[in-house]
Amino acid sequence: MKLLEVKDLNIEFYDVNPPQKVVKGVSFSMEKGEVLGIVGESGSGKTQTALSILRLLKSGSQISSGQIFFKGRDLAGYTREELQRVRGRKIAMIFQEPMTSLNPVLTVGSQIEEGLLLHTQLSPEERKKRALLAMEEAGLGEVKKLYGKYPHQLSGGMRQRVMIAAALVTEPELLIADEPTTALDVTVQAQILELLKEINKKHGMGILFISHDLAVIRRLCSRVLVMNEGRVEEEGEIHKVFEQPEKEYTKKLLAAIPHRRESLRKRRRG
Amino acid sequence: MKYLLKKTGTLIITLIIVSFFSFLAFSIIPGDAAKSRLGTEATKEQVEMLQKELGLDKPVLVQYGNWLKNFVTGDMGESYSYSMPVQELLQDKIPVTIALTVMAFLIILLLSVPLGIFTAQHEGQWLDRVIMVLNQIVMSVPGFFLGILITFLFGLVLKWFTPGAYVPVSESFFGFLGYLIAPSAAIALPRCAMGVKMLRSAVLSQLEKDYVRTAYARGNGQRRVMYRHVLKNAMLPVLTFWGMTIADIVANSMVIEQVFTIPGMGSLLIASISNRDYPVTLGIIVLVASLVIVVNFLVDILYGRIDPRVRVRQ
């Protein structure tokens, strides 16, 4: 059974006149423990696709047709309560802006623990223990001290680690990461990617990784989906897409990656 | 600790400024205490004698200095028109005004918080629209006019209370509170409408925030997102508004007390201003000013309790 299977997904913004289709017939699937990348420019529909899986689309947009199967069950048929049990427990999500994705008036610890509070019957002590473990795993040092801190006391990279810890704590089977490194410095970005890789290996957690940055996708994913204007342009093994892209659009995207060697050569010449 | 000292300093400085300007105002407006006390029949000599007795012949600054000196030692002076110490005069009035203020404030809290949350949750639906239109109307009616309407409707037409039949606390505690319901509602409603609007828009703007999406993604239900995540954030701007509301209620109660013939500080203040009875007036002004400052101080502390970002800066 596939971990995730999206079939002919269509999403539209219905509060504009005429309604605008932003995702047009997107289909893809993921195996258990796989790391799948979705790459595309802003406006390509990749974030809408990611949000629609947990039905977190903003009001004004909706899935107009299509199915999303998670372990063989169509999420579209879930009631609100059933959906709440999937969110954060089976499928967790992290977002682009670590600065604003955490609640500013709640402690880091309570936000990491929240998944356990919502989805398990664990005692407060046990919850704290697991939260501290998840924080350690997410690469946060001095976890006991950090536990009682507030988001504004942390750097962007640390906040994203907190988001990851909060996602990890319930040991979900799928992590949806929507541009989690875009807002971070390059060095921090590399650390977070390493962290996600480790987590994937250790827990066999599937990761759906959304980014506009092909270079980032290449470091993490085994397979990639190239999206453009709401459609899937190309899909395939990461090496194949990188070395022998079939579509013009993919070639253009690849050409846009600044190449280190080339730029070095240019600098020497100039 | 440092914070507390700073706030106390602010309190003292504000009180000095407020009392000084009130003093100045008295020296500018025509008429004086001696004349109003002796009446129109008094001779010039009598007036001058009384002025000398009361210290009104001295320069304003000296008069103010004397008043301040006495005030610091706890002596607020003696009323010119009632010939009794200001403290004694205020003693029975303060509880009345405080009861009125507290009641009005409770009405504001108990009405505006649920309504603010409710309208935000049902934004754009017909019930929200009806409430917001009513809200707009109530907001634009001045409190004293609302007081007259309430007196007419509930007092004269429905006969739920007898207008003007004030019940002192000494007579019946519940009768006293019962009589205060109408006036406090008159003070509270316009402010309450503002509170609904503020909380509604604060909640709505918070609902747009990224952390709300995170909360949903974690498996929170709507109710928990509202009460655990959104409300605490939305309360911050509203808290400041509530602090200012206290000052507004006190100011409004001065007028409303007239409408409902309640013998609180408001009636006394207005009487003492027309009598040029500055010890009483200043006493009341200083009291009200300190009340407002203390409440704002409490709001600041509460603010810090809710918002960790403020707490750290302190």
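The values are calculated or read from the model by the stated rules, or taken from the named source; none is laboratory data. Bear in mind the structure is a predicted one, so any value in this text is a computation, not a measurement. Ideal geometry is used to build each Cβ from the backbone, glycine not excepted, and the neighbour counts take in all protein chains shown. Accessible surface areas use protein heavy atoms only, side chains included; no ligands, DNA or RNA. Shrake-Rupley method; radii C 1.70, N 1.55, O 1.52, S 1.80 Å.
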Is it the case that some residue within the stretch B:160-178 is among the charged types (D, E, K, R) and open to solvent by 40 Å² or more (accessible area, probe 1.4 Å)? yes
Could you list all residues from the stretch A:53-66 that are touching a Lys or Arg at 6+ places or on another chain (Cβ under 8 Å) and either within 12 Å of chain B (Cβ to nearest Cβ) or open to solvent by 60 Å² or more (accessible area, probe 1.4 Å) (or both)? A:LEU54, A:LEU56
Number of the condition not met by A:LEU118 [criteria: (1) closer than 30 Å to A:ASP185 by Cβ; (2) hydrophobic (A, V, I, L, M, F, W, C); (3) open to solvent by 50 Å² or more (accessible area, probe 1.4 Å)]: (1)
Of residues in the stretch A:140-156 being more than 11 Å from chain B (Cβ to nearest Cβ) and in contact (Cβ under 8 Å) with a residue 40 or more places away in the chain, the one surrounded by the fewest Cβ atoms within 10 Å (Cβ to Cβ): A:GLY156
Within the stretch B:114-126, can you find the residues that are open to solvent by 30 Å² or more (accessible area, probe 1.4 Å) and either closer than 21 Å to B:THR245 by Cα or without any contact (Cβ under 8 Å) to a residue 12 or more places away in the chain (or both)? B:PRO114, B:LEU115, B:HIS122, B:GLY124, B:GLN125, B:TRP126
Report yes if B:THR281 is within 18 Å of B:THR101 (Cα to Cα) and away from chain A (no Cβ under 14 Å), otherwise no. no
Being farther than 18 Å from A:LEU132 by Cα, within 14 Å of another protein chain (Cβ to nearest Cβ), under 14 Å from the mean Cα position of the chain (by Cα) and buried (at least 22 other Cβ atoms within 10 Å of the Cβ): is that true of A:ALA166 here? no
Would a scan of the stretch A:56-66 turn up a residue that is over 17 Å from the mean Cα position of the chain (by Cα) and closer than 30 Å to A:GLU198 by Cβ? no
(1) under 18 Å from B:ARG200 (Cβ atoms); (2) surrounded by 23 or more Cβ atoms within 10 Å (Cβ to Cβ); (3) in contact (Cβ under 8 Å) with a residue 40 or more places away in the chain all hold for B:HIS229 apart from (3)
Run down A:ALA131, A:ALA165 and say which single residue is under 25 Å from A:PHE70 (Cα atoms) and not in a loop (DSSP other than H, G, I, E, B). A:ALA165
Somewhere in the stretch B:23-46, is a residue open to solvent by 60 Å² or more (accessible area, probe 1.4 Å), closer than 30 Å to B:PRO168 by Cα and acidic (Asp, Glu)? no
Taking the conditions exactly as written (in contact with a Phe, Trp or Tyr (Cβ under 8 Å, 6 or more places away or on another chain), more than 14 Å from every other protein chain (Cβ to nearest Cβ) and among the basic types (Lys, Arg)), does A:LYS128 satisfy them or not? yes
Quick check on this structure: which one of B:ARG200, B:ARG191 is touching a residue at least 60 places away in the same chain (Cβ under 8 Å), touching a Gly at 6+ places or on another chain (Cβ under 6 Å) and of a type outside the set (Val, Ile, Thr)? B:ARG200
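Residues checked against (1) open to solvent by less than 30 Å² (accessible area, probe 1.4 Å); (2) under 24 Å from B:ASN233 (Cβ atoms); (3) part of a helix (DSSP H, G or I); (4) at the interface with another protein chain (Cβ under 8 Å from one of its Cβ atoms):
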{"site": "A:ILE68", "(1), (2), (3), (4)": "yes, no, no, no"}
{"site": "A:ALA76", "(1), (2), (3), (4)": "no, no, yes, no"}
{"site": "A:GLU82", "(1), (2), (3), (4)": "no, no, yes, no"}
{"site": "A:ARG89", "(1), (2), (3), (4)": "no, no, no, yes"}
{"site": "A:MET93", "(1), (2), (3), (4)": "yes, yes, no, yes"}
{"site": "A:PRO98", "(1), (2), (3), (4)": "yes, yes, no, no"}
{"site": "A:LEU102", "(1), (2), (3), (4)": "yes, yes, no, yes"}
{"site": "A:LEU106", "(1), (2), (3), (4)": "yes, yes, no, yes"}
{"site": "A:GLU114", "(1), (2), (3), (4)": "yes, yes, yes, yes"}
